[in-house]
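A quick write-up on the structure given underneath.
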Amino acid sequence: MGSNMAEAHPVAFPNVVEAKERGAKVIHIDPHFSRTSALANLYVPIRAGSDIVFLGAIIRHLLENNGYFHDYVVHYTNAATLVREDYRDTEDLDGLFSGYDPATESYADQSSWDYQRDADGRPVTDPTLQHPQCVFQIMRRHYARYTPEMVEQVCGVPREQWMQVAQTLIENSGRERTSALCYAVGWTQQSKGVQIIRAGAIMQLLLGNIGRPGGGVMALRGHASIQGSTDVPTLYELLSGYMPQPSALLPQQTLADYIATSGQKTGWWSNFPAYIRSLLKAWYGEAADEEEGNTSYRWLPKNIGDHSHLATSYEMLDGKVRGYFLFGQNPAAGSTHSTMQREALKQLDWMVVLDLYETESAAFWHRGPVPHTDAVDPSKIKTEVFLLPAAASTEKEGSFTNTQRLIQWRDKAVDPPGDARSDLWFVYHLGKRLKELYADSKEPRDRGLQALTWEYELEEPEPGSRILDEPDAQLVLKEINGYYVYPQDQTEMGTGKAHAYTLREAPHVPGFAVLKADGSTACGSWIYSGVYPEPGNNRAASRNGEGYTFLQWGYAWPANRRILYNRASADPQGRPWSERKKYIWWDEEQKKWTGFDIPDFPLNKPPDYMPPPGATGMDAISGSDPFIMKPDGKGWLFVPTGLKDGPLPTHYEAAESPVHNALYHQQSNPAAKYYRDRPDNRLAAVGDEHYPIVVTTYRLTEHHVSGQMTRWMPWLNALQPALFAELSPELAAERGIKHGGWMVISSPRGEIEARAMVTRRMRPLRIDGHVVHQIGLPFHWGYQGKIKGSITNDLTHMVLEPNVSIEEAKAFTCNVRPGRLP
Amino acid sequence: MEERILLPVVVQSAVSQVMEIGSRVQPFSVESRDKAPRIRDAQLFHSVCPYCAVGCSLNVYVKDGKVIDIEGNPDSPINHGKLCPKGSATFQYTVNPSRMRQVLYRAPYSDHWELKSLDWAMEQIVQRVKKTRDETFVERLPDGREVNHTLGIACLGGATLDIEENYLMKKLFGGGLGMLSIENQARV
């Protein structure tokens, strides 16, 4: 669901096809019949934006018909945990949970979502699942109206077809079998994207499909290292390894307060202090020892709101952002509401672009969207632009992390051409020059930059390369992996201040288990610790593809585990659920966990271990609690804390929808960010007759995102030369649009033109008695490159999902007419 | 068939000799025989496809300092040597006449690019960063809360870059300069 795997992840899909040939059943649920649908056993067309009704009905079906995996659910999830008595559900409040504040359009008070706790602070449970406040019973009430009839009415899916999906899942889950769920941005790019994924995860937990071979919820991510740039983040709200960026909106003014509000007392996150101290040590060296880390902690910038890319573009439009770096990204065509994005670029004082080509974003000051590409007047645009040529991935060494958390190293094959350089070169030399420029400053605000450790020179220039000042990527990887700061036979105490190693001479740490909160270890990203455990052993570069789980091919964080939470592949007593699905189990003779993967559990903790009262850290996690990152060790069906739009997935219509919400008066996600005060961000009203058609966007195999890399390549351009829109013969006939002819697509934000692809791949759906048409649009075109076309993102709006600030490009409304733009 | 049997013995012998020779000779000319796959004797470098997140392994072949071919790595348990159209075309992504080779600069209100040296550009960029940072840096909010940040400079990109590059970006821009809006495609 939410993925066209055959088209967007084409080389992963043969694995699915191979499984099908061995008897697996493949189901594709998507608004648009695609290459994936063509190879599925069952294709189910669905209205874009209605996923939670479809999934919620499956959840209800599992709960009401004993379709769930009882032993797994009772022992491994929080189904039995009791929620506070003052919790109110969307059934009680017509689409809202308790704690909602209409003034701020947010759940300002989430305390009622918490567990009931005993005097020790431990959650209260009812393993019989009968207590009315237990998660199991709350879910039964929450999903009571997500019926097959509702699926038919809201999703446009006949109930028999929906039932076929539910039955297939039940038949292929349990002790002997598992089912996998794949999704991609068809789910994430919605104003309730996180909750759709949650609904998928709840379904998989109820079916016992998490932490087991052949199961899981697989996010099919879209860029070579999009996973890596989330783990070692270039994201505003995160530090490395999923530690939060400190915020001034929380009591986080000191390191101690930050740890108290971000770490956890029980479960694996109780190691939080070791990870943040090691990060500060890696960044600030000796200065990270001052006030036991607090001085350097204070240098970290504190958030005061949403500083995401999309929220920042409005700040840019308002003139609050003056300088901008773009590294291989193209907001002028690739980001939502790209007309606004281009206007925002015009408000900058300066911009630095590092890319392979002159992208739409680099050229915004002298070119504009087709068909009138010359209708931009440079004499009115102040922005100073530096366009630097970048090295290609074959022209530098370094690592990518793929969608399954696998870190893979790349060799450098050749030098980049001319003045093109790696982004590593650029950032390293920018930092070096800035440190020189600030070297004599006495300002406290500059101390962080002055203290920043920044020694990454290659020991000797690479033989045969004409670039003599390229930094050493392996040395950076070593810092990410972590190292011992002092000789192991010395301690700070006793001998006085021990001699601290330089990054180059320091011994590598073997993994995150040895990281300390006392400043004796440095580590750039704890979850990557172990990737480079000793000199000469860069495990990201290991390339032995043998074995059942390929443990010697690349390195999967954390600790080279291929399946997370794999303790759940064994029953509470530690025995495999079945011989057929054997993966990790307790070896009673050796008193340890063993199996085909690296166990995701303390190696020697027996299955019958029960925490003593008052236990903290990992001691508080019992031997049968697989979800060790959670403070209660359980898989969370109900999320008591951490989400901004509710503890249970709830159906809301997209921000733009042809229909009213059939379940609640609350029409769309009450916590989403709508930017209603922005005149350029006009939304079509519910059922607006001027914009009656649902539109969804997607990728084609032959191009990549906004085409900034691929539309310069004749081979690929020959395969996919022009933007087209897919529409049904019924809609085409209604509007007089001819196959192969031109058509104009309009939304309240703008208009674009495309070739018409009239095809049965798009089917009109019956929604609540009315026919709803959907069209599909790829988004790979722009005004640069060797082939040009309209920018699909000129149609999309800025409504952001509340948890992660992602736009809603997968379900919005439009209108169509024959012809071209004037 | 019968006629052949009736051939004189000498002739029969000659025919069989020719056939024997013929069976030994391959149907190639000397030129064809001397030809070899172009990747023979090329240097092999291991790489990973730069597009989607599946992580297909690439074999990059280099001769005389130039990339001559890129193919899928058959040893990889991820792609078993297979590549999609984009992956198969990575040669043209690397070796492409449209790629930029020099720094271009556009002055405010100007209608054209100017060619500049890399060193000049680096120095100019450093000056811009310092000026903007110093003018927009906030140490404390009016109510006294410490924030030590600048909202005046933003950075976008990272999902197409290396882990090591992302690491240094966050370290310098966030940890060194106090920038907050350091973002990438994970949100788009």
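Of all residues in region A:786-816, those being assigned to a loop (DSSP other than H, G, I, E, B), more than 26 Å from A:His739 (Cβ to Cβ) and touching a Ser or Thr at 6+ places or on another chain (Cβ under 9 Å) number 10.
You will find that of A:Ala79, A:Ala103, the residue that is over 22 Å from A:Tyr652 (Cα atoms) and assigned by TED's automatic domain parsing to the domain that holds A:Trp162 is A:Ala79 and no other. Just the residues that are part of a loop (DSSP other than H, G, I, E, B) and either of a type in the set (Ser, Thr, Tyr) or at pLDDT below 95 (or both), please, taken from region A:412-457. A:Ser422, A:Tyr438, A:Ser441, A:Thr453, A:Tyr456 - these are the residues of region A:412-457 that are part of a loop (DSSP other than H, G, I, E, B) and either of a type in the set (Ser, Thr, Tyr) or at pLDDT below 95 (or both).
Within region B:123-134, at least one residue is among the basic types (Lys, Arg), in a helix (DSSP H, G or I), without any contact (Cβ under 8 Å) to a residue 40 or more places away in the chain and at the interface with chain A (Cβ under 7 Å from one of its Cβ atoms).
All of B:Ala154, B:Ala159, B:Ala186 fail the test of being closer than 13 Å to A:Leu235 by Cβ and modelled with pLDDT under 95, apart from B:Ala186.
On inspection, B:Pro97 fails the criterion of being more than 30 Å from A:Pro251 (Cβ to Cβ), more than 33 Å from the chain's Cα centre (by Cα) and part of a loop (DSSP other than H, G, I, E, B).
Let's see how each residue does on (1) in a loop (DSSP other than H, G, I, E, B); (2) more than 25 Å from A:Phe596 (Cβ to Cβ); (3) touching a residue at least 12 places away in the same chain (Cβ under 8 Å):
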residue: A:Ala199; (1), (2), (3): no, yes, yes
residue: A:Gly222; (1), (2), (3): yes, yes, yes
residue: A:Pro233; (1), (2), (3): yes, yes, no
residue: A:Tyr236; (1), (2), (3): yes, yes, yes
residue: A:Gln252; (1), (2), (3): yes, yes, yes
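Residue-level analysis places B:Trp120 outside the set of residues that are more than 21 Å from the chain's Cα centre (by Cα), more than 7 Å from chain A (Cβ to nearest Cβ), at pLDDT 95 or above and closer than 22 Å to A:Ala333 by Cβ.
Restricting region A:413-427 to residues that are more than 27 Å from the chain's Cα centre (by Cα) and within 7 Å of chain B (Cβ to nearest Cβ) leaves a set whose member that is farthest from B:Asp119 (Cα to Cα) is A:Ala413. The single condition from (1) within 7 Å of another protein chain (Cβ to nearest Cβ); (2) in contact with a strand residue (DSSP E or B) (Cβ under 8 Å, 6 or more places away or on another chain); (3) without any contact (Cβ under 8 Å) to a residue 12 or more places away in the chain; (4) not hydroxyl-bearing (Ser, Thr, Tyr) that B:His112 fails is (1). Checking A:Arg711, A:Arg676 one by one, the residue that is buried (at least 18 other Cβ atoms within 10 Å of the Cβ), on the phi < 0 side of the Ramachandran plot and either within 14 Å of chain B (Cβ to nearest Cβ) or part of a loop (DSSP other than H, G, I, E, B) (or both) is A:Arg711 and no other.
Checked against (1) touching a residue at least 40 places away in the same chain (Cβ under 8 Å); (2) under 30 Å from A:Ala288 (Cβ atoms), A:Asn537 passes all but a single condition, namely (1). Among the conditions (1) more than 21 Å from A:Asp349 (Cβ to Cβ); (2) surrounded by 24 or more Cβ atoms within 10 Å (Cβ to Cβ); (3) among the β-branched types (Val, Ile, Thr), B:Ile153 misses just one, which is (1). If you go through region A:714-740 and pick out every residue that is assigned to a loop (DSSP other than H, G, I, E, B) and either of a type outside the set (A, V, I, L, M) or under 35 Å from the mean Cα position of the chain (by Cα) (or both), you end up with 9. Selection within region A:445-490: residues that are among the basic types (Lys, Arg) and within 24 Å of B:Lys170 (Cα to Cα). The member of this set that is surrounded by the most Cβ atoms within 10 Å (Cβ to Cβ) is A:Lys478.
Please verify whether region A:707-720 includes one or more residues that are under 21 Å from A:Asp30 (Cα atoms), touching a residue at least 60 places away in the same chain (Cβ under 8 Å) and in contact with a Ser or Thr (Cβ under 8 Å, 6 or more places away or on another chain). There is no residue in region A:707-720 that is under 21 Å from A:Asp30 (Cα atoms), touching a residue at least 60 places away in the same chain (Cβ under 8 Å) and in contact with a Ser or Thr (Cβ under 8 Å, 6 or more places away or on another chain). Condition check: outside any loop (DSSP other than H, G, I, E, B) and surrounded by fewer than 17 Cβ atoms within 10 Å (Cβ to Cβ). Does A:Arg760 satisfy that? No, not satisfied. Just for region A:349-363: of the residues that are more than 23 Å from A:Ile806 (Cα to Cα) and touching an Asp or Glu at 6+ places or on another chain (Cβ under 9 Å), which one is nearest to the other protein chains (Cβ to nearest Cβ)? Restricting to residues being more than 23 Å from A:Ile806 (Cα to Cα) and touching an Asp or Glu at 6+ places or on another chain (Cβ under 9 Å), the top hit is A:Trp350. Among the numbered conditions (1) within 14 Å of another protein chain (Cβ to nearest Cβ); (2) in contact with a Phe, Trp or Tyr (Cβ under 9 Å, 6 or more places away or on another chain); (3) more than 24 Å from A:Glu653 (Cα to Cα), tell me where A:Gln720 comes up short. Of everything listed in (1) within 14 Å of another protein chain (Cβ to nearest Cβ); (2) in contact with a Phe, Trp or Tyr (Cβ under 9 Å, 6 or more places away or on another chain); (3) more than 24 Å from A:Glu653 (Cα to Cα), A:Gln720 misses just condition (2).
Say whether the condition of being free of Cβ contacts under 8 Å to residues at least 24 places away in the same chain and outside the structural domain of A:Pro10 (by TED's automatic domain parsing) is met by at least one residue in region A:395-405. No, region A:395-405 has no match at all.
Could you list, in sequence order, the residues of region A:366-395 that are among the basic types (Lys, Arg), assigned to a loop (DSSP other than H, G, I, E, B) and more than 7 Å from chain B (Cβ to nearest Cβ)? Listed by number, the list holds a single entry, A:Arg367. Can we say A:Gly769 is more than 28 Å from the chain's Cα centre (by Cα) and free of Cβ contacts under 8 Å to residues at least 12 places away in the same chain? For A:Gly769, the condition - more than 28 Å from the chain's Cα centre (by Cα) and free of Cβ contacts under 8 Å to residues at least 12 places away in the same chain - is met.
Applying a threshold of 7 Å to beta carbon distances and a minimum spacing of six or more residues, or different chains, the list of pairs starting in region B:77-104 at a residue that is within 7 Å of chain A (Cβ to nearest Cβ) and ending at one that is surrounded by fewer than 17 Cβ atoms within 10 Å (Cβ to Cβ) and aliphatic (A, V, I, L, M) reads B:Pro85/A:Leu719; B:Gln102/B:Leu115; B:Leu104/B:Leu115.
Does region A:209-221 include one or more residues that are at the interface with chain B (Cβ under 8 Å from one of its Cβ atoms) and closer than 27 Å to A:His309 by Cα? Among the residues of region A:209-221, at least one is at the interface with chain B (Cβ under 8 Å from one of its Cβ atoms) and closer than 27 Å to A:His309 by Cα, which makes the answer yes. Has region A:126-135 got at least one residue that is under 30 Å from A:Tyr674 (Cα atoms), loosely packed, with under 12 Cβ neighbours inside 10 Å and free of Cβ contacts under 8 Å to residues at least 24 places away in the same chain? The answer is no, given that none of the residues of region A:126-135 is under 30 Å from A:Tyr674 (Cα atoms), loosely packed, with under 12 Cβ neighbours inside 10 Å and free of Cβ contacts under 8 Å to residues at least 24 places away in the same chain.
Table: residues versus (1) of a type in the set (Phe, Trp, Tyr); (2) farther than 17 Å from A:Val74 by Cβ; (3) in contact with a Lys or Arg (Cβ under 9 Å, 6 or more places away or on another chain); (4) free of Cβ contacts under 8 Å to residues at least 24 places away in the same chain.
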{"residue": "A:Arg567", "(1), (2), (3), (4)": "no, no, no, no"}
{"residue": "A:Gln573", "(1), (2), (3), (4)": "no, no, no, no"}
{"residue": "A:Pro576", "(1), (2), (3), (4)": "no, yes, yes, yes"}
{"residue": "A:Asp600", "(1), (2), (3), (4)": "no, yes, yes, no"}
{"residue": "A:Leu603", "(1), (2), (3), (4)": "no, yes, yes, yes"}
{"residue": "A:Pro613", "(1), (2), (3), (4)": "no, yes, yes, no"}
{"residue": "A:Ile628", "(1), (2), (3), (4)": "no, yes, yes, no"}
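The values are calculated or read from the model by the stated rules, or taken from the named source; none is laboratory data. No experiment lies behind these values; they were computed from the predicted model shown. Heads up, the Cβs are rebuilt from the backbone with ideal geometry, glycines too, and the neighbour counts pull from every protein chain shown.
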